[in-house]
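The values are calculated or read from the model by the stated rules, or taken from the named source; none is laboratory data. As the structure is a computational prediction, the values presented were derived from the model and not from experiment. Please note: Cβ atoms are built from the backbone with ideal geometry, for glycine as well, and neighbour counts cover all protein chains shown.
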Amino acid sequence: MGAIHLQGQNYGFLRKVDNATEALRLLLKLNAQSLETVLTQTAVGYMAWTLEPDVVTTSPLKQKDLATATTPFYLFEAVREDFSQIRVPDLDQDLVAIQVTGQFYSFFKLEEEPDKVLEVVGRLTQQGDEIAVAITRKGYAICVLEPDAIASPARPAAP
């Protein structure tokens, strides 16, 4: 089985998809199954890899271990009610946000094109930002973790 090694974990090859739209659909499906997934981009499309905690390597790892410090991101379908207003200590204004696993992610950018979504998410996660992507009727709402945020008493708003 083909595999990659990322941050001390082995991921087995699952599937190749041709474009970003298919990649995001596949990630959404795998997330629903609670499968930890890594997505890599190649010249011919995207490769999806799933965590294989019990895999034993049959050949020595090459020095090109993918040790890049990346951060996972959340991807899910959202409805208007999933969005709310938050306050953060360093701003005087409320921010639009979404809550995921008990933490608030402020709205950063709305993207319509899946290629752009993966580009922005890749850049932000490589910088160490924790990201949530909410699929909405208007596109993909890219949101960034706000660890010190608190809920605002304002009414919900969607991007």
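Within the stretch 60-81, is there a residue that is at pLDDT 85 or above, over 30 Å from H5 (Cα atoms) and among the hydroxyl-bearing types (S, T, Y)? The answer is no; no qualifying residue exists.
State which residue is nearest to L26 (Cα to Cα) when the search covers only the stretch 99-125 and only residues that are of a type in the set (V, I, T) and assigned to a helix (DSSP H, G or I).
Filtering the stretch 99-125 down to residues of a type in the set (V, I, T) leaves 100-101, 117, 120-121, 125.
If we keep only those that are assigned to a helix (DSSP H, G or I) too, we end up with 117, 120-121, 125.
Working: V117: 15, V120: 18, V121: 16, T125: 19 Å.
My answer is V117.
Only one entry of V121, V79, V96 meets the criterion of being out of contact with any Pro (no Cβ under 7 Å at 6 or more places or on another chain) and buried (at least 17 other Cβ atoms within 10 Å of the Cβ), and that entry is V121.
In this structure, does E22 turn out to be touching a Gly at 6+ places or on another chain (Cβ under 9 Å) and at pLDDT 90 or above? Criteria met by E22. When residues in the stretch 8-45 are screened for being surrounded by 13 or more Cβ atoms within 10 Å (Cβ to Cβ) and farther than 18 Å from V133 by Cβ, 9 of them pass.
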